[in-house]
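Student: One structure follows; several queries about it will come next.
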Amino acid sequence: MTSFETIFSPISAGRVLDVATGRGGFIHALIESLNSYDEIIGIDTVAGTEAVFAESFANKPISYRQMDASTLEFDDVSFDTVCIANSLHHMLDPIPVLDEMQRVLKPGGRFIINEMFRDGLTDAQETHALLHHWWAAVDSAEGIVHNETYTKQELVALAKSTEIGAWDFHEVAYLEEGPKDEATIQQLDGIIDGYIEKAENLSNGGTQLIERGQALRKRVHEIGFHGATALAAVGVTSYR
């Protein structure tokens, strides 16, 4: 296992594009770990996130733009680094997104994928995977695109399906805190409550989903929780 700091500290990232950025969570990890960067642009489909970025990244060359990741509104070869974190499993088809990321990446630029995977986990990490798959099931029942997470080998294959020439693969996990950390369990209880409420409001009935959530709450308290291991893949595109 390694850390983002170890993986990213040698990288002078230049102009960076963070795809499916959400509220910029992965950007925080990047700016804490990269050797340097000139500018970071986060893109996602959600309106109104500009204000979140303005507050979170005040006085930094970091901005947000609303757009579809499968049709990026940027010129060819316009970024030194492109990245996507914990978002591939939220897409109907990740291939067009990966293709667009390759299109805007400069020759010799870095392509970063960071995504949790579901296999080879400890019991406490398995709690995370099972919770995530339940959340995906509830979201899917509401019509939201949210798939179960990939296996490690599926992620490696997805990365290698691109035209990026060379890849380095790293496993990242944070297991220092005990799996029954009180604050973490309290936070998870709140999230579970929210998803059970969503299941209760499903028009087609969510009885099985509610029971599944209740069983997972019991697991959280009995076994505990650790974040699932992530695969951090760093590729370098060839010079065209």
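The values are calculated or read from the model by the stated rules, or taken from the named source; none is laboratory data. Worth saying up front: this structure is predicted, and the values here are computed from it rather than measured. As a convention, Cβ positions derive from the backbone with ideal geometry for all residues, glycine included, and neighbour counts pool all protein chains shown. Surface accessibility is based on the protein's heavy atoms, side chains included, excluding ligands, DNA and RNA. Shrake-Rupley method; radii C 1.70, N 1.55, O 1.52, S 1.80 Å.
Student: Can you confirm whether region 95-107 contains a residue that is at pLDDT 95 or above, surrounded by 15 or more Cβ atoms within 10 Å (Cβ to Cβ) and within 30 Å of residue 224 (Cα to Cα)?
Tutor: Checking region 95-107: not a single residue is at pLDDT 95 or above, surrounded by 15 or more Cβ atoms within 10 Å (Cβ to Cβ) and within 30 Å of residue 224 (Cα to Cα).
Student: Could you identify the single residue in 129, 136 that is in a helix (DSSP H, G or I) and touching a strand residue (DSSP E or B) at 6+ places or on another chain (Cβ under 9 Å)?
Tutor: When all the criteria are applied, what remains is 129.
Student: Based on what the data block shows, is residue 18 at negative phi, touching a residue at least 40 places away in the same chain (Cβ under 8 Å) and charged (D, E, K, R)?
Tutor: Taking the combined requirement at face value, the residue satisfies it.
Student: For region 24-47, give me each residue that is assigned to a strand (DSSP E or B) and buried (at least 17 other Cβ atoms within 10 Å of the Cβ).
Tutor: Matches in region 24-47: 40, 41, 42, 43, 44.
Student: Output yes when any residue across region 48-61 is assigned to a strand (DSSP E or B) and either open to solvent by less than 20 Å² (accessible area, probe 1.4 Å) or in contact (Cβ under 8 Å) with a residue 12 or more places away in the chain (or both), and no when none is.
Tutor: Restricting attention to region 48-61, the residues satisfying the condition of being assigned to a strand (DSSP E or B) are none.
Checked against the condition, which is being assigned to a strand (DSSP E or B) and either open to solvent by less than 20 Å² (accessible area, probe 1.4 Å) or in contact (Cβ under 8 Å) with a residue 12 or more places away in the chain (or both), region 48-61 yields no hits at all.
Student: What number of residues within region 1-23 satisfy the criterion of being buried (at least 17 other Cβ atoms within 10 Å of the Cβ) and under 18 Å from the mean Cα position of the chain (by Cα)?
Tutor: Adding up the residues that qualify gives 10.
Student: Take region 21-30 and flag every residue that is without any contact (Cβ under 8 Å) to a residue 40 or more places away in the chain and farther than 12 Å from residue 83 by Cβ.
Tutor: The answer is 23, 28.
Student: Looking only at region 163-182, which residues are more than 18 Å from the chain's Cα centre (by Cα), under 22 Å from residue 26 (Cα atoms) and open to solvent by less than 80 Å² (accessible area, probe 1.4 Å)?
Tutor: Residues satisfying the conditions are 164, 167, 175.
Student: Now a separate question. Given the conditions (1) modelled with pLDDT of 95 or more; (2) under 29 Å from residue 122 (Cβ atoms), and given that residue 64 satisfies all but one, which numbered condition is not satisfied?
Tutor: Of (1) modelled with pLDDT of 95 or more; (2) under 29 Å from residue 122 (Cβ atoms), only one is false for residue 64: (2).
Student: Inside region 168-179, can you point out the residues that are of a type in the set (D, E, K, R) and modelled with pLDDT of 95 or more?
Tutor: Our first condition is that a residue be of a type in the set (D, E, K, R); within region 168-179, this holds for 168, 171, 176-177.
Once the filter is applied, which keeps residues that are of a type in the set (D, E, K, R) and modelled with pLDDT of 95 or more, region 168-179 yields 168, 171.
Student: Could you please find all residues in region 62-106 being small (Gly, Ala, Ser) and not in a loop (DSSP other than H, G, I, E, B)?
Tutor: Here is the first cut: in region 62-106, the residues small (Gly, Ala, Ser) are 63, 69-70, 78, 85, 87.
Answer for region 62-106, where residues must be small (Gly, Ala, Ser) and not in a loop (DSSP other than H, G, I, E, B): 63, 85.
Student: Follow-up. Just to be sure, is residue 206 farther than 20 Å from residue 120 by Cβ and surrounded by fewer than 13 Cβ atoms within 10 Å (Cβ to Cβ)?
Tutor: No: the conditions fail for residue 206.
Student: Which of (1) under 23 Å from the mean Cα position of the chain (by Cα); (2) open to solvent by less than 30 Å² (accessible area, probe 1.4 Å); (3) over 30 Å from residue 168 (Cβ atoms) does residue 228 not meet, given it meets every other one?
Tutor: Result: residue 228 fails condition (3) only.
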